[in-house]
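This report concerns only the one structure given below.
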Amino acid sequence: MSGVKHGAMAADRPVTSGRTLVFRDLGEVLPEVRRLLSGHRVVRNWTLAQVCRHLADTIHASMDGFDLRRHRIKRWFFRRPLLAYTYRFGIPWGYTVDPRLTPPIAVDLETAVRDLEAAIARYQAHKGPLHAHPLFGRLSRKGWDRLHCFHCAHHLRFVVPAEP
């Protein structure tokens, strides 16, 4: 059984809220992206290509390092409550932990998907230490796995498959 959870949007939520999407493993992300390649619409500002670029860059950054100069006080005092809040309520719209992770407007879809594939493969094969998150600080491998799955689901929920 797939760990990807698809669900209809709640009737009282605006269309811009996206769909329900949950990944339990990073291996579930690319099949969903490939499904979207056959037809989709977006309900927020980023294209599928921009989402894939952002996710690839973030996954690479967990191995290569983030800019940790921002959010020092939040990271030091509030990292655990902020992480719990994020898992419970989601990532606030328009919030970024590192502006360098915001994708450019013009992103080639094929290239972005290939880059996401490469980032996930690299992450899955990576045996070394992982870097601190700019807001949540040091995470275990299991913590990073969960966060990457959550982050991918967060962004891909705003890309809705075309109706048959």
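The values are calculated or read from the model by the stated rules, or taken from the named source; none is laboratory data. Remember, it's a predicted structure, so these values are computed and weren't measured experimentally. Neighbour counts are summed over all protein chains in view; Cβ atoms, including those assigned to glycine, are modelled from backbone coordinates with ideal geometry.
Starting from residues that are touching a residue at least 12 places away in the same chain (Cβ under 8 Å) and surrounded by fewer than 17 Cβ atoms within 10 Å (Cβ to Cβ), keep the ones in the stretch 122-136 and report whichever is nearest to H60 (Cα to Cα).
Ranking the qualifying residues of the stretch 122-136, first place goes to R122.
Quick one: in the stretch 97-116, of everything that is surrounded by fewer than 16 Cβ atoms within 10 Å (Cβ to Cβ) and among the charged types (D, E, K, R), which residue is farthest from G39 (Cα to Cα)?
R100
Scan the stretch 139-164 residue by residue and report those that are out of contact with any helix residue (DSSP H, G or I) (no Cβ under 9 Å at 6 or more places or on another chain) and closer than 16 Å to M63 by Cβ.
Selection gives S140, R141, K142.
Which residue is farthest from R79 (Cα to Cα), if the candidates are limited to the stretch 137-164 and must be small (G, A, S) and surrounded by fewer than 19 Cβ atoms within 10 Å (Cβ to Cβ)? Explain how you work it out, then say what you get.
Just the residues of the stretch 137-164 that are small (G, A, S), to begin with: 137, 140, 143, 153, 162.
Cutting the leftovers down to surrounded by fewer than 19 Cβ atoms within 10 Å (Cβ to Cβ) gives us 137, 140, 143, 162.
Numbers: G137: 7, S140: 14, G143: 13, A162: 38 Å.
Filtering first and then ranking leaves A162.
Looking at A119, is it closer than 18 Å to D145 by Cα, modelled with pLDDT of 85 or more and surrounded by 12 or more Cβ atoms within 10 Å (Cβ to Cβ)?
Against the criterion (closer than 18 Å to D145 by Cα, modelled with pLDDT of 85 or more and surrounded by 12 or more Cβ atoms within 10 Å (Cβ to Cβ)), A119 qualifies.
Test each condition in (1) surrounded by 14 or more Cβ atoms within 10 Å (Cβ to Cβ); (2) of a type in the set (G, A, S); (3) at pLDDT below 95 for S62 and report the one that comes out false.
Only one criterion in (1) surrounded by 14 or more Cβ atoms within 10 Å (Cβ to Cβ); (2) of a type in the set (G, A, S); (3) at pLDDT below 95 is unmet by S62, namely (3).
Six or more apart or on different chains, Cβ atoms under 6 Å: show the pairs whose first residue is in the stretch 26-48 and within 24 Å of A121 (Cα to Cα) and whose second is of a type in the set (F, W, Y) and surrounded by 13 or more Cβ atoms within 10 Å (Cβ to Cβ).
As it stands, the answer is V29/F23, since those pairs meet every condition given.
G94 versus (1) farther than 22 Å from F23 by Cβ; (2) touching a residue at least 60 places away in the same chain (Cβ under 8 Å); (3) within 15 Å of the chain's Cα centre (by Cα): which is the lone unmet condition?
(2)
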